[in-house]
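Here the structure comes first, spelled out in structure tokens, and everything after it is commentary.
What follows is calculated from the coordinates using simple rules that are stated; it is not laboratory data. Because the structure is a prediction, the values reported are computed rather than measured. Every residue, glycine as well, gets a Cβ built from its backbone with ideal geometry; the counts of neighbours run over all protein chains shown.
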Amino acid sequence: MKNKVLKSLGPFLPFLVVFVMCSCSKERFDVLKKEDPEAVKVAEKAADELKLKAIAAPPITLFMKWKKKPVKATLKLKPDSTVKCEGGTSLQFMPNTFVDENGRVVQYPVDLEIIELLTPKDMITNQMPTVSDKRLLVTGGEINIKAFKDNQSLTVVPGGYSVIISADSVDTRMSIFYGKESKGIVNWVPSDSSGAPKDSVSQILFRQKAYQMFPRELGWINCDRFYDFQGAKTNVKFVSEFPNISYIYTFMYFDRIKSLAQVYGDISLPVPVGEHVKIVSIAATSELTIFAFIKEYIVEANQVVEIKLTKIEEEELMKLLDKF
């Protein structure tokens, strides 16, 4: 009898199930799933589409939730102090490294706050692409270092500390870049282009399976090099039926060269034609229901990518990003 009633509802059943999903108890909905699972699947898809169409803002709250919190450490008084970070990065500090806002040397102990972004997943979820003035960078890893004494921000003297980042293979073309933020976007600036005196320019040593950088400042630091590509480049266009493209965060990860770009608006920065790229687009409802689009491409001239978002659980999305 129940099956006859359900069949008689015909094309109206998916909309009825959407209503039931929103209003009935879990027990009643479970009964409905047993009676006509296919109709429930159709209805669930319709409900997700309604949620997707209702998105009216970028996923700022979601990315704030994902933002990596700094790890805190206290640097004690030692002739040569070393801090081992969670991701494997080592920081080595010499005596008389830190100075206050007046340029006076500050003695240990000193409090540190450290953020490591060493994987594509970390860089995506923290919105930290590897780009310098719209040019792709090949990255060895990003780190942010802050120092405090009695809650007062400190700076460093040139050559006072080093950062050691592990590498599967060492590229001797790498150098140091500093992250400079403007309007919420971090641009990576080469250490040798800031107009600093020649004797204070940052240095980098190439060790066995590691880079040892000697930055002249704190803040965002990146072990990078410009991607030298002599072939054709193109701007990839992104389109979305719904939601509006401005409500979607899209990233392009070039896995062969370890470079990440974020797309602002619907047009990418110039990217190399023929390069393999993994694209991930993310949107979210105000209740943080997540929708994503993940697909691999070979970049083509004048390429247009249609973003088709589907609902995804956060845990599943994180597992997919781990594979980047």
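Is the shape of the stretch 120-230 rounded, prolate or oblate, going by the alpha carbon gyration tensor and its root eigenvalues a ≥ b ≥ c, with a/c under 1.5 for rounded and a/b larger than b/c for prolate? It is rounded, given that a/c, with a ≥ b ≥ c, falls under 1.5.
Listing THR61, THR250 from fewest to most neighbouring C-beta atoms within 10 Å gives THR61, THR250. Size check on the stretch 133-195: the Cα extents along the three principal axes, sorted descending, read 39, 30, 23 Å. Subtracting the Cα-Cα distance of GLU181 and VAL105 from their residue separation scaled by 0.36 nm leaves 24.6 nm. Note on the stretch 213-256: Cα-Cα pairs beyond 16 Å make up 66% of the total pair count.
Given 25 °C and 0.890 mPa s, how large is the Stokes-Einstein diffusion coefficient of the stretch 59-99 in µm²/s, with Rh as the Kirkwood radius over Cα pairs? The Stokes-Einstein estimate is 192 µm²/s. One decimal place: the segment ILE267-GLU315 gains 14.4 nm when fully extended, by the rule 0.36 nm per residue minus the C-alpha distance.
Here the mean projected area of the convex hull built on the C-alpha positions of the stretch 230-322 is 5.9 nm².
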